[in-house]
1. Going through 688, 673 one at a time, which residue ends up being touching a residue at least 24 places away in the same chain (Cβ under 8 Å) and under 18 Å from residue 628 (Cβ atoms)?
2. Of these, 379, 387, which one is part of a strand (DSSP E or B), within 20 Å of residue 422 (Cα to Cα), polar (S, T, N, Q) and under 24 Å from the mean Cα position of the chain (by Cα)?
3. Report yes if some residue within segment 454-474 is surrounded by 20 or more Cβ atoms within 10 Å (Cβ to Cβ), β-branched (Val, Ile, Thr) and over 30 Å from residue 68 (Cα atoms); otherwise report no.
4. When the residues of segment 518-536 are filtered to those that are touching a Phe, Trp or Tyr at 6+ places or on another chain (Cβ under 6 Å) and of a type outside the set (Ser, Thr, Tyr), which remaining residue is modelled with the lowest pLDDT?
5. Quick one: which residue in 584, 572, 610 is crowded, with 16+ Cβ neighbours inside 10 Å and in contact (Cβ under 8 Å) with a residue 24 or more places away in the chain?
6. For segment 157-174, does any single residue satisfy the condition of being surrounded by fewer than 21 Cβ atoms within 10 Å (Cβ to Cβ), more than 17 Å from the chain's Cα centre (by Cα), assigned by TED's automatic domain parsing to the domain that holds residue 211 and among the hydrophobic types (A, V, I, L, M, F, W, C)?
7. Scan segment 323-360 for residues that are among the basic types (Lys, Arg), within 19 Å of the chain's Cα centre (by Cα) and farther than 21 Å from residue 458 by Cα and report the count.
8. Confirm whether residue 634 is more than 23 Å from the chain's Cα centre (by Cα), part of a strand (DSSP E or B) and under 25 Å from residue 298 (Cα atoms).
Amino acid sequence: MMYKKVPLPFLLIVVLITAHSSTYSQKKNASFQLNIRKTHLPIVIDGKGDDLAWQDTDVAKDFYMVLPMDTGMANETSEIRMTYDDDNLYLLATFYHSKKADYFVESLRRDFSFGKNDNFLLFMDPFNNQTTGFSFGANAYGAQWDGTMYDGGKVDLNWDSKWISETTRDEEKWVFEMAVPFKSIRYEAGVSEWGINFSRLDLKSSEKSSWTPIPRQFPTASLAYTGTLVWDTPPPKPKLNFSVIPYVLGEISRNTANAEDADFKAKVGGDFKFSLTPSLNLDATVNPDFSQVEVDRQVTNLDRFELFFPERRQFFLENADLFANFGYETIRPFFSRRIGLGVPIQAGLRISGNLNKKWRIGLMDMQTASVDETGLPSQNFGVVSLQRKMFSRSSLGLLLVNKQSTRYIEENDSIYARYNRNLGVEYNLASSDNLWNGKAFLLKSFAPDKENSGITQAAHLEYKSRKWNWRLQEEWVSEDYSAEVGYVPRNGYVNISSFAGHLFFPKSGKIVSHGPKLNTSYFFNEKFVRTDNTSFLQYLIEFRNRSSLEFFVSDDYVELLNPFDPTRLGIASLAAGTKHQWNAFGWEYASKPQSLFTYIFQGRVGGYYADGRLTSLSSELGYRFQPYVSLSANLNYNYIDLPAPWNTNEFWLIGSEVDITFTNKLFFANLFQYNEQTRNFNLNSRLQWRYAPASDLFLVYTNNQMIDPFMPKDWSLTLKFTYWFNK
């Protein structure tokens with residue numbers, strides 16, 4: 001068996017990453033400083049900013065333009081003031097606009113889509129490690145945004161915390177005012193300098209700007225380019241901080257497909273949060289319930305491998321990067337959605353956060369119940385994650401995942417494994433100027449039914465400047481590698497992939513940038529025999545009004561490793577070992593977000609398996625009656641022409657959303673989905689009233705129907721009440 005050792009490309013990339021990291025140390029925008037002083041005057045959060053406390057504050061202004069080009073100062077004027085007292089951190093932001101036009105907002109919904117709203121965002125790095133932090137902000141009509149930051153510039157909007165804000169508007173400006181309790185964030189006691197930056201998107205002028213200069217190829221969330229918030233004295237030493245978040249619910253449901261009677265149940269449980277240190281949090285959950293979590297979006301599935309659906313359950317989301325970001329998107333040793341899959345979670349415990357400026361830790365333990373009907377034993381899921389910062393922004397991580405069956409039944413040995421474990425180490429490169437990034441990791445699995453525990457390793461190196469972007473990546477997943485608590489849809493392969501792109505920037509005209517991008521990906525078996533590959537050439541065009549256009553041509557080759565139905569309609573399967581090759585052409589156009597009516601059109605025409613043809617057309621349509629109603633529809637049509645026995649097949653996927661935001665605290669969301677491929681129609685309606693900070697009342701209705709033949713499957717109606725007690 002070949003390739004049963006760590007390959008040379010992996011070792012070379014590790015050497016390159018390590019050597020390159022040591023050449024960067026100085027923070028790019030260290031000279032940008034905003035002094036913050038304590039106030040003893042009262043501040044009323046009303047979006048007016050007329051309190052006396054704001055008169056004795058420094059002002060962050062003279063913003064830099066990031067988009068459409070990063071070569072000068074912003075045209076629109078922005079001013080930021082900050083102060084604090086014993087309990088809260090305060091911010092006042094004033095945004096003037098020279099163009100007379102209505103404000104652009106999608107809705108009043110919390111955690112809005114960044115690119116579709118006039119908005120302001122604060123990015124805060126309390127540990128000044130340029131890797132982790134918090135983000136707060138709002139759109140021009142007061143819809144709130146909050147999330148945790150990870151990987152140096154990504155924001156997880158699933159995180160929720162207690163804070164308040166208000167906005168006001170007039171013909172010349174809009175004003176945002178907020179107060180964030182110190183107990184709602186994590187920071188190190190005694191530290192008097194935090195990383196900080198401010199971002200503004202003004203759709204009237206198609207301008208995105210930042211307090212500190214940031215190259216246009218990076219998001220304004222990039223912590224590598226933050227300035228410094230300088231405290232007159234270190235912020236208040238964090239006090240005892242614990243929260244209890246109980247819930248109570250009543251639910252009526254019926255499985256009509258099995259002719260069952262309606263069933264009513266009441267349920268009580270909740271979460272507990274306790275700050276072990278100012279930057280390290282303990283979370284516990286007992287009898288958790290996730291009925292208010294929005295349902296997964298259905299997709300047309302023409303893929304040979306398992307599809308990925310993201311985690312949405314709140315308990316798993318704070319500091320989720322410590323657990324979930326180990327590996328790649330298709331090589332995840334830990335994927336929290338494997339926990340509680342069709343079985344109740346009884347309880348869970350999680351410790352996560354920063355030990356100090358250089359060390360982060362994550363510990364998780366979850367216990368699920370047994371299922372007598374299937375013989376599934378109760379199972380315990382344990383995860384240990386440790387991460388150490390290296391050089392300016394890089395890190396070294398260690399991960400251990402353990403799935404252990406408890407009260408194990410020997411008779412089910414062939415169905416359910418006694419245990420499954422993964423141990424891994426990972427190095428992440430992030431240069432101080434963000435131009436270079438990379439990763440290298442090694443995983444080993446342990447399972448009782450494997451004679452030799454499997455190994456996985458992969459690495460990549462990427463460079464991203466204004467004009468050039470290229471990446472080289474290699475992966476190896478052994479046939480006997482097993483990650484039962486992870487997401488690894490494919491085994492027994494070696495993959496070498498890369499891309500290279502270049503952008504041109506016209507000095508004038510409607511186009512702000514355009515250029516080609518070449519992508520290749522080759523898969524081999526472990527004997528290094530090619531099994532499949534895809535190559536495609538794109539041409540990307542971005543317009544100054546923020547619309548975009550893309551074309552691509554592709555070449556695909558597949559040798560099937562297992563039987564596969566190319567329609568996924570259950571008609572018949574192509575045999576393993578058969579070889580297929582085709583070419584295709586595709587496009588995508590996205591309209592400017594400033595319009596009340598927005599749209600995206602995508603298409604693909606070309607070859608398919610067995611010398612067949614596949615035409616796929618998609619569109620995303622949106623219309624808003626701002627700021628209260630947002631309508632959207634997703635349409636996907638597939639036409640597949642194959643030889644007998646498949647012949648010609650066509651099917652639609654239609655999704656429609658009606659999002660009504662009565663205020664920025666009362667939301668009514670409705671999702672309708674019709675999927676011809678799976679013969680399923682479903683409806684999910686969710687009314688949410690945030691009657692107090694981080695406290696909600698939910699009313700959720702879900703209904704699933706079979707189509708062709710039309711018959712009801714199941715429905716449920718849930719009323720859930722949560723409250724956040726905080727001390």
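The values are calculated or read from the model by the stated rules, or taken from the named source; none is laboratory data. For clarity, every value in this text was computed on a predicted model and none was experimentally measured. Cβ: placed from backbone, ideal geometry, glycine included. Neighbour counts: every protein chain shown.
1. 688
2. When all the criteria are applied, what remains is 387.
3. Yes, segment 454-474 contains at least one residue that is surrounded by 20 or more Cβ atoms within 10 Å (Cβ to Cβ), β-branched (Val, Ile, Thr) and over 30 Å from residue 68 (Cα atoms).
4. 526
5. Only one candidate qualifies: 584.
6. Within segment 157-174 (the criterion being surrounded by fewer than 21 Cβ atoms within 10 Å (Cβ to Cβ), more than 17 Å from the chain's Cα centre (by Cα), assigned by TED's automatic domain parsing to the domain that holds residue 211 and among the hydrophobic types (A, V, I, L, M, F, W, C)), the answer is yes, since at least one residue qualifies.
7. Looking only at that region, the number is 2.
8. So residue 634 fails the test.
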